[in-house]
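The values are calculated or read from the model by the stated rules, or taken from the named source; none is laboratory data. Since we're looking at a predicted model, the values are computed, not measured. Quick reminder, even Gly has a Cβ in these numbers, built from the backbone with ideal geometry, and neighbours come from all protein chains shown. Ligands, DNA and RNA are stripped out before the accessible areas are found, and what is left, the full protein with its side chains, is counted by its heavy atoms. Shrake-Rupley method; radii C 1.70, N 1.55, O 1.52, S 1.80 Å.
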Amino acid sequence: MALNYNHLRYFWAVAREGHLTRAAERLNVSQSALSTQIKKLEEQLGHRLFERSGRRLVLSPAGRIALSHCEVIFQSGDAMRRRLSSERAEAMHPLRIGALSTLSRNFQMGFLVPLLGEEATPFVVRSGSISELLPALEAHLVDLVLVNQVPFRDAATSWTARIIDTQPVGIVGTPERIAGRSDYAELLSSEPLILPSRDSGFRNGFDLLIEGLSQPINIAAEVDDMAMMRLLARADAGLAVLPPVVVQDELSSGKLVEAASLPGVSEQFAVLIPEHHFLHPAVQRLVDTI
């Protein structure tokens with residue numbers, strides 16, 4: 001049996017108010033009618049959604065799960081209403097950008113440059129893991145997602161990926177540690193290394209390169225955050241293996257130097273966008289510049 005979304009709306013209101021009488025007043029329905037609708041939803045779901053705590057209603061474990069789904073459902077509905085109400089409403093809607101929390105901040109800034117100074121296009125940047133951002137994209141809670149590794153797609157996927165840039169990966173360190181050397185094989189085998197974690201976009205290419213070297217490597221740290229890799233390299237904890245864009249300020253100032261690029265190792269940056277015709281106008285402009 002399909003869910004009755006009026007029942008969900010009533011449940012959502014009671015959960016937010018924590019009180020049946022106040023929720024009934026807010027919804028302009030009688031308390032008895034509201035209580036009946038909540039009981040019907042509980043019967044359909046097969047779980048009690050509330051427990052009494054004095055005069056208040058508190059969510060049961062099943063109720064907390066139901067509320068989390070309601071938040072997504074009604075936020076998505078509100079987003080749909082705003083998106084379809086008018087072109088003007090769409091144009092004034094802030095551009096909501098999701099970005100992997102481990103993604104290079106310099107890369108993110110480069111992507112945002114076309115939006116800077118545009119009063120008509122306010123934007124919000126939300127960082128998170130791919131397991132958090134993909135559901136948000138599919139629920140239309142963000143308008144696009146920036147990644148450095150395109151997730152697996154199948155026939156049910158509701159988004160598409162556009163490659164923004166491909167960056168070479170190099171060996172970066174302090175001038176003192178590099179000491180003018182440029183032989184990548186010698187550097188990798190003779191110095192402690194700061195590497196990205198094994199689920200990063202280019203780690204597999206690096207591991208394949210290492211298999212061809214005759215000397216073992218010394219891994220000083222494996223880090224899933226590019227900003228932390230940059231800090232470790234500045235602290236001279238070892239040689240960092242990363243795209244130079246991550247440390248472009250340090251390279252310009254001379255605090256760090258790039259000794260060599262790694263052959264066959266690169267990182268792709270991509271933007272994930274929904275597969276529908278009602279894209280935020282700024283998304284289309286940004287994609288057209290790629």
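Given a 1.4 Å probe, how much area per residue of the chain is accessible, in Å²? Intermediate values should be presented prior to the final figure.
Details: 15300 Å² over 290 residues.
It amounts to 53 Å² per residue over the chain.
At most 16 other C-beta atoms within 10 Å and a DSSP loop state: those are the exposed chymotrypsin sites (Phe, Trp or Tyr not before Pro) I care about. Give me the longest piece of the chain that has none.
That would be 1-151.
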(message) Can you give me the % of accessible surface on the chain that is carbon or sulfur? Probe 1.4 Å, all protein chains present, nothing else counted.
(response) 52
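Gain in length, GLN149 to VAL125, computed as 0.36 nm per residue apart minus the alpha-carbon separation, to one decimal in nm?
Values: separation 24, 0.36 × 24 = 8.64 nm, distance 1.86 nm.
So the chain would gain 6.8 nm between GLN149 and VAL125.
Between THR36 and ALA2, what is the FRET efficiency for a Förster distance of 22 Å, r being their Cβ-Cβ separation, to the nearest 0.05?
Using R0 = 22 Å, I get an efficiency of 0.70.
Longest exposed-loop-site-free stretch of the chain, with trypsin sites (Lys or Arg not before Pro), DSSP loop and at most 12 other Cβ within 10 Å? List each step's numbers first, then the result.
Working: sites that count: ARG55, ARG153, ARG198.
Longest site-free region, per DSSP loop and neighbour criteria: 56-152.
What FRET efficiency comes out for THR160 versus HIS69 if R0 is 30 angstrom and r is the Cβ-Cβ distance? Round to the nearest 0.05.
0.70
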(request) Report relative contact order for the chain in percent, whole number only (criteria: Cα-Cα under 8 Å, sequence separation at least 6). (result) 21
(request) State the dimensionless ratio Rg/Rh of region 17-71 (Rg: radius of gyration of Cα atoms; Rh: Kirkwood radius). (result) 0.95
(request) Between LEU112, LEU45, LEU232, find the one with the highest GNM mean-square fluctuation for the chain; connect C-alpha pairs within less than 10 Å. (result) LEU45
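Need one number: the % of Cα-Cα pairs in the chain sitting beyond the 37 Å mark. List each step's numbers first, then the result.
Numbers: 15500 of 41905 pairs.
Value for the chain (Cα pairs over 37 Å): 37 percent.
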(request) Express as a percent, rounded to the nearest 5, the fraction of DSSP beta bridges in the chain (both residues included) that run antiparallel. (result) 60
